[in-house]
1. Per residue, how much accessible surface does the chain expose to a 1.4 Å probe? Answer in Å², no decimals.
2. Pop out the ³J(HN,Hα) list for region 113-121 in order, Karplus 6.51 cos²θ - 1.76 cosθ + 1.60 with θ = phi - 60°, rounded to Hz; leave Gly and Pro as x.
3. From the phi angles alone, apply the Karplus equation (6.51, -1.76, 1.60; θ = phi - 60°) to region 174-179 and give each ³J(HN,Hα) in whole Hz, x where the residue is Gly or Pro.
4. Considering only DSSP beta bridges where both residues belong to region 4-148, give the percentage that are antiparallel (nearest 5).
5. Pull up all non-local amide H partners of S156: gap of 5 or more, or a different chain, and H-to-H distance under 5 Å with H placed in the peptide plane.
6. Under 10 Å, Cα contacts only: if you run a Gaussian network model on the chain, which one of F79, F152, F173 comes out with the highest mean-square fluctuation?
7. Ranked from highest to lowest mean number of other Cβ atoms within 10 Å per residue, what is the order of the peptides 28-35, 81-88?
8. Nearest 20 debye, what's the magnitude of the dipole of region 4-77 about its Cα centre given +1 on Lys and Arg Cβ and -1 on Asp and Glu Cβ?
Amino acid sequence: SYGTWERDLVIACWDEEELGLLGSTAWAEQSAAAGVQVEAAFVFEMIGYQDRAPDTQTFPEGLETLFPGPLGEVEANDFRADFIALIADEASDRHTGNFVDHAEALELPAILLELTPLQQDAPYLSDLRRSDHAALWASDYPGVLISDTANFRYASYHCVDGDDTVDKLDQEFSVKVVSATVGAAVEALGVAGR
């Protein structure tokens, strides 16, 4: 017997993110109207590219001023694009902590940028709202973006500078990202230790 779960697990695949988060916004708004409670939400956005060479990671201008601790770690590591980034709201604190714990066990470097409620809507931080987690935030749900930082390290993002092909991705890195997410999700479900 598997017992009972404290919570339900929902796996969602939303469409039309590039057209303005249409799928995730529709889901979040309908769920909020129906009174659905969300304990945690993990959103994948580009999780398969890394580069261990120095000076392969960039950031939106001015971001290091707002997040000197985590971005200072990247600078101390010679701007290597070898970590997974978490962009989260304060309500996701426990879940990002669980993700980081699982990532450390897998030797997966993780950088957390936790936004205050004011920062979540700030126009100067629009690069941190480019994926479906922002639709969750707009409906007052918690949300964690899990990203390799896309175009801030990967020149072929959206085929800008060459073809975006599978052979350019690091499957081992992706497996670690998914494994850390599964670990954090199991803890969010309340089944850890059963």
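The values are calculated or read from the model by the stated rules, or taken from the named source; none is laboratory data. Given the structure is predicted, the values throughout are model-derived calculations rather than measurements. Using ideal geometry, Cβ is built from the backbone for each residue, glycine included, and neighbour counts are taken over all protein chains shown. Keep in mind that these areas ignore ligands, DNA and RNA; they rest on the heavy atoms of the full protein, side chains included. Shrake-Rupley method; radii C 1.70, N 1.55, O 1.52, S 1.80 Å.
1. Details: 10690 Å² over 194 residues.
Each residue of the chain exposes 55 Å² on average to a 1.4 Å probe.
2. Couplings: 10, 9, 9, 6, x, 5, 5, 4, 9 Hz.
3. Listing the rounded values in order: 4, 4, 5, 4, 5, 4 Hz.
4. On the way: 5 of 15 bridges.
Among the beta bridges of region 4-148, antiparallel pairing accounts for roughly 35 percent.
5. Under 5 Å from the amide H of S156 lie the amide H atoms of D161, each far enough along the sequence or on another chain.
6. F152
7. On the way: 28-35: 13.2, 81-88: 24.0.
Top of the packing list down: 81-88, 28-35.
8. Numbers: 2 positive and 15 negative charges, 46 e Å.
The calculated dipole for region 4-77 is roughly 220 debye.
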